[in-house]
Amino acid sequence: MAFLSVRQVTKRFGDVPAVDAVDLEVPRGAFFALLGPSGCGKTTLLRMIAGFAQPDGGTLFIDGANMNGVPAHRRPTNMVFQSYAIFPHLNVFDNVAYGLRKERLGKQALRARVEAMLATVRLEGLESRRADELSGGQRQRVALARALAKQPKILLLDEPLGALDKRLREAMQVELRALQRTLGITFLLVTHDQEEALSMADQVAVMSGGRILQIASPRELYERPVCREVADFIGQINFFHATVKHIADDTVTANAGVLGIVTLPRASFGFPFAVGDHVLLALRPERITLQRGSVAGQITAASFLGERSHYQVKIAGRSEPVFVASSGAAPQGPVLLGWAPDALIALPFTA
């Protein structure tokens with residue numbers, strides 16, 4: 001059994017299934033992320049794992065123990081919230097010690113535990129500072145130290161960096177990942193931020209409508225999504241309708257309309273298909289070249305974003321632009337779009 005095992009767990013609010021028969025397994029010591037838009041059910045699932053809500057159906061196990069009906073304070077979990085939820089009237093030391101005092105630790109053991117946690121999150125020397133005198137990043141570290149001080153088997157992170165500005169959020173992503181590797185305990189992160197999930201997690205579960213659409217490594221999610229919804233949620237992407245024309249041992253030929261006849265590896269299809277089937281082809285902006293290809297286009301918009309420039313290219317027969325990301329010099333006038341055969345991602349077509 002996996003360290004965290006979620007089996008057919010369901011939670012309804014009225015007639016609406018917020019979590020719909022979800023199966024999930026998280027290995028011991030993993031950094032795992034639940035990723036999806038607002039309302040997809042990820043926070044509800046996290047709250048059931050924490051014990052703040054009970055499932056209407058299914059079973060939750062942590063380290064082999066059935067958690068159904070076990071109250072939150074008796075579960076081997078602790079949670080860090082987006083709002084930090086630290087006490088502004090207490091200093092840093094007392095915030096971190098708050099939960100430990102309820103366990104009636106001796107003074108020396110309590111101080112040693114708090115000091116160790118503050119050292120872990122790099123807050124040494126700030127023990128006496130009031131929480132309302134700290135920066136956003138420091139308050140988030142206090143919340144982490146307080147959660148970790150109780151030595152949970154799983155640390156639950158509910159949009160923990162959402163209140164931080166972009167630069168601080170990116171710095172904290174690096175720190176959280178390093179902290180998890182140092183401690184070796186299981187982290188379960190809930191986020192709607194694709195970059196956050198992909199940069200920190202070992203495995204990511206993409207959720208929508210209360211269901212898990214795909215569980216995979218960040219690279220696999222980006223390069224081999226299993227459906228349009230996952231492909232569209234994980235970064236920017238272009239979609240083209242196509243019809244399968246010929247299937248060989250290693251390649252597939254398809255009529256992709258505005259792209260013409262294309263050939264792609266048969267391994268690009270992760271689903272059953274046959275000649276005549278309508279499929280969806282997906283193409284990431286950074287896999288498209290602007291000056292060596294067979295599809296003529298005209299740049300209609302461009303934006304410089306540091307390492308890359310992003311372009312919108314109009315091609316004949318297509319109403320929406322093709323998005324291209326290039327690190328080369330900005331081209332002038334007409335362009336020719338091209339791509340390697342393995343850049344095309346084949347997805348099932350759903351009407």
Computed log₁₀ I(q)/I(0) - Debye formula, equal Cα scatterers, no solvent, region 4-231, q 0.07, 0.10, 0.15, 0.16 Å⁻¹: -0.22, -0.46, -1.01, -1.13
5 angstrom amide H check on THR289, placed H, neighbours 5+ away: GLY338, TRP339
Taking placed amide H atoms and a strict 5 Å upper bound, the residues 5 or more places from VAL80 or on another chain that come that close are LEU156, LEU157, ASP158
Amide hydrogen neighbours beyond the local backbone of ALA30, cut-off 5 Å, H modeled: PHE187
For the chain, modelled as a Gaussian network with Cα springs under 10 Å, which listed residue fluctuates most, LEU305, LEU148, LEU188? LEU305
Taking the Cα atoms of region 92-196 alone, what are Rg (to one decimal) and Dmax (as a whole number) in Å? 13.8, 43
Karplus couplings for region 115-130 from phi (6.51 cos²θ - 1.76 cosθ + 1.60, θ = phi - 60°), rounded to Hz, Gly and Pro as x? 5, 5, 5, 5, 5, 4, 9, 6, 10, 4, x, 10, 4, 8, 6, 5
Of all C-alpha pairs within region 112-271, those more than 20 angstrom apart amount in percent to 62
At 0.36 nm per residue, and after removing the present C-alpha to C-alpha distance, how many nm does the segment from ARG318 to HIS278 gain when stretched out fully? 12.6 nm
Keeping to pairs on different chains or 8 or more places apart, tell me how many lysine pairs in the chain have Cα atoms under 27 Å apart. 10
When only Cα pairs under 8 Å and 6 or more residues apart are kept, what is the percent relative contact order across region 4-231? 28
Kirkwood hydrodynamic radius over Cα pairs of region 1-101, then Stokes diffusion coefficient at 25 °C and 0.890 mPa s, in µm²/s: 163
Per the helix-only calculation at 222 nm, which mean residue ellipticity applies to the chain, given -39500 (n - 2.57) for every DSSP H run of n ≥ 4 and division by its residues, nearest 500 deg cm²/dmol? -7500 deg cm²/dmol
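If you keep only loop residues by DSSP, which trypsin sites (Lys or Arg not before Pro) in region 56-140 have at most 16 other Cβ atoms within 10 Å of their Cβ?
In loop regions of region 56-140 (DSSP not H, G, I, E or B), the sparsely surrounded trypsin sites (Lys or Arg not before Pro) are ARG104, ARG122, ARG129.
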Pop out the ³J(HN,Hα) list for region 154-163 in order, Karplus 6.51 cos²θ - 1.76 cosθ + 1.60 with θ = phi - 60°, rounded to Hz; leave Gly and Pro as x. 10, 9, 9, 10, 9, 6, x, 10, x, 8
List, in order, the whole-Hz ³J(HN,Hα) value for each residue of region 220-227 obtained from phi through the Karplus relation with A = 6.51, B = -1.76, C = 1.60 and θ = phi - 60°; use x for Gly and Pro. 5, 4, 6, 8, 9, x, 9, 7
Can you tell me the convex hull volume per residue for region 236-340, based on C-alpha atoms, in Å³ to the nearest whole number? 106
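Read the figures in this text as sums done on the coordinates, not as results from a lab. Here the structure is a predicted model, which means the values were calculated and not measured. Every residue, glycine among them, receives a Cβ derived from its backbone with ideal geometry; neighbour counts consider all protein chains shown.
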